[in-house]
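Q: One structure is given below, represented as structure tokens, and several questions about it will come after.
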């Protein structure tokens with residue numbers, strides 16, 4: 001059976017014409033070509049970006065969450081590409097699982113992370129985190145809508161100079 005998959009970020013900008021309509025006139029919009037999307041090289045063991053100061057993740061990223069049955073997704077997007085190495089180092093699967101352990105099923109809960117190249121973002125899947133999900137759950141947040149806000153409280157180590165520049 002064929003599968004349908006969405007690969008929006010894999011289409012080159014030059015292949016998508018951009019126009020704007022102004023008072024009934026269609027005008028082309030020039031889009032710079034930019035760099036092609038590539039998957040970043042995996043980090044070597046022990047290669048991390050760290051620092052002397054901890055700041056909450058919300059200073060470095062935006063996040064949004066939701067549900068898929070009994071599982072939750074949390075998307076995390078760096079506010080600036082410069083922050084990506086610090087996010088990559090701090091937001092390991094184990095670290096996110098530890099921070100969100102209060103929602104994960106103690107026996108079957110787990111966290112998986114995917115990096116979204118070219119978007120300076122990560123997607124986290126929290127398996128068995130919703131107490132059954134939807135109407136099956138007795139939790140206050142059965143769809144995991146508040147999970148992103150909870151993750152944004154997670155501390156991230158950054159250099160003092162970077163911490164001082166954050167607003």
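All of the numbers you see were taken from the coordinates with simple rules; none came from a lab. Note that this is a predicted model, so its numbers are computed, not measured. A quick note on method: Cβ atoms are made from the backbone with ideal geometry, for glycine too, and the neighbour counts reach across all protein chains shown.
Q: Extent of region 49-165 along each principal axis, from alpha carbon coordinates, in Å, largest to smallest?
A: Taking the Cα atoms of region 49-165, the three principal extents are 47, 26, 21 Å.
Q: Kindly put 115, 54 in sequence by how many other C-beta atoms sit within 10 Å of each C-beta, fewest to most.
A: The fewest-first ordering by Cβ neighbours comes to 54, 115.
Q: Which ordering of 80, 141, 67 is given by a fewest-first count of other beta-carbon atoms within 10 Å? Please list the in-between numbers first.
A: Numbers: 80 11, 141 17, 67 20.
So the residues, fewest neighbours to most, are 80, 141, 67.
Q: Over region 49-165, what is the mean sequence separation of C-alpha contacts under 8 Å (at least six apart), divided by residue count, expressed as relative contact order in percent?
A: Values: 232 pairs, mean separation 48.8, N = 117.
After rounding, I find 42 percent.
Q: By counting other Cβ atoms within 10 Å of each Cβ, how are 114, 62 ranked from fewest to most?
A: Ranking 114, 62 by Cβ neighbours within 10 Å, fewest first, gives 114, 62.
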